[in-house]
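These notes concern the structure reproduced below.
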Amino acid sequence: MGKNDGLIWLVAAATGCADRPSAGQLPPARSVERVDVVQNVDVTLLLIGDAGAPDPTFEPVLAALTRDASAQPGRTVVAFLGDNIYPRGMPPERDPERPEAERRLDAQLAVLRRSGARGIFVPGNHDWAKHEADGWDAVRRQEAYIASHGGALAVMLPKGGCPGPAAMDVSVTLRLLVLDTQWWLHDGPKPNGTGSGCAAASPGALTDSLRGALRDAGHRLVAVLAHHPLRSGGPHGGEFGWMDHLFPLRRLSGKLWVPLPVIGSGYPLARKAGISSQDLGSSEYGLMRDSLRAAFLARPPLLFAGGHDHSLQVLRGHVVRYHVVTGAGTFGHVSPVEYLAETQFARSASGYVRFDLLQTGRGRLSVIQVDQAGTAREVYSQWLD
């Protein structure tokens, strides 16, 4: 590369981004009708991911979530979409890290106790011991803790480290299909094949089970809950802005504004190529994504919701009609996000996503951003077709 190539690359990158709206400056929501005036709501789904490191004194996002869930607890389901305990899930009982892990999970269980809403906990890669060898044990320890401390309102799905799908009809209009997507990506011990105790414990069996669960939903709409999204404009999707290429050390410290043209592109390009199984570009993730999409073809779900990237995103899908990324479940735990061709909303901010389904089968999706004081405001809404 010539001595001016780095400068040419930088100018090209900046120019290429010039006609794309930034993630924080997207057009305002088309619908401004507030959810509290919407009539005949059958079920409300509150979607929050990566809430596993709440502030020990006051967690703004969980406080706002509790208020929201308390409004109509009988018709509300809170879905915690994985990474419920940072950094390595639930340790053994005598481990010195166990009390802090319990505190982090208790803060989420308290949302259900205080509001009276039902709750589902979905495993994420950090719940599988940060995708290390003892992950299967860690996720089963978390399931046991939720069963003994969550009461009748809380459940971890799928059970036993199985991939799912766990089907739950939460109303006359909505079926939830819950997946443990880390099962696909996990290198260590996991339930696999015949004798595993799982209804489906191979990629082919899971695909068949998903087809059956979608077909048997009848007139109900279907939302799929998981930790790993099928599409994302965040780092796990291999999407990085030009500043990540030019100032890569900012990911280590916000003060490290050291320009490293060309060299700095190494990390973003490696992530794009799938150097980690936790990124969409990896072969393992690609196999999972292709298998799930094949299962969805016959009867596409309305919604696929995941966390993993620490941002708030709504994207239009090709097989699944809408994708939601909601992995900003604790205040300040956010990551950059880029605007993709199918993006309808994206923001690097803390909060969660709300889905209201009317008795008529019409659905309204909204993004709730939360500030440091715990004040929630709706920053985007859309009626789903």
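The fraction of accessible area contributed by carbon and sulfur in region 35-132 is 48 percent, rounded to a whole number (1.4 Å probe; ligands and nucleic acids excluded). Residues 211, 364, 377, 141, ordered by accessible area of protein heavy atoms at a 1.4 angstrom probe radius and largest first, appear as 377, 211, 141, 364.
Straightening the chain between residue 149 and residue 199 buys 15.4 nm, computed as 0.36 nm per residue apart minus the Cα-Cα spacing.
Name the residues of region 208-229 whose amide N is less than 20 Å from a point 7 angstrom out from the Cα of residue 287 along the C-beta direction? Output list for this probe position: 208-211, 227-229. Each part gets one Cα centre, and for region 180-235 versus region 127-176 those centres are 13 Å apart. Ligands, DNA and RNA left out, the accessible area of region 137-198 computed with a 1.4 Å probe is 53% carbon and sulfur.
The values are calculated or read from the model by the stated rules, or taken from the named source; none is laboratory data. As the structure is a computational prediction, the values presented were derived from the model and not from experiment. Every residue, glycine among them, receives a Cβ derived from its backbone with ideal geometry; neighbour counts consider all protein chains shown. Ligands, DNA and RNA are stripped out before the accessible areas are found, and what is left, the full protein with its side chains, is counted by its heavy atoms. Shrake-Rupley method; radii C 1.70, N 1.55, O 1.52, S 1.80 Å.
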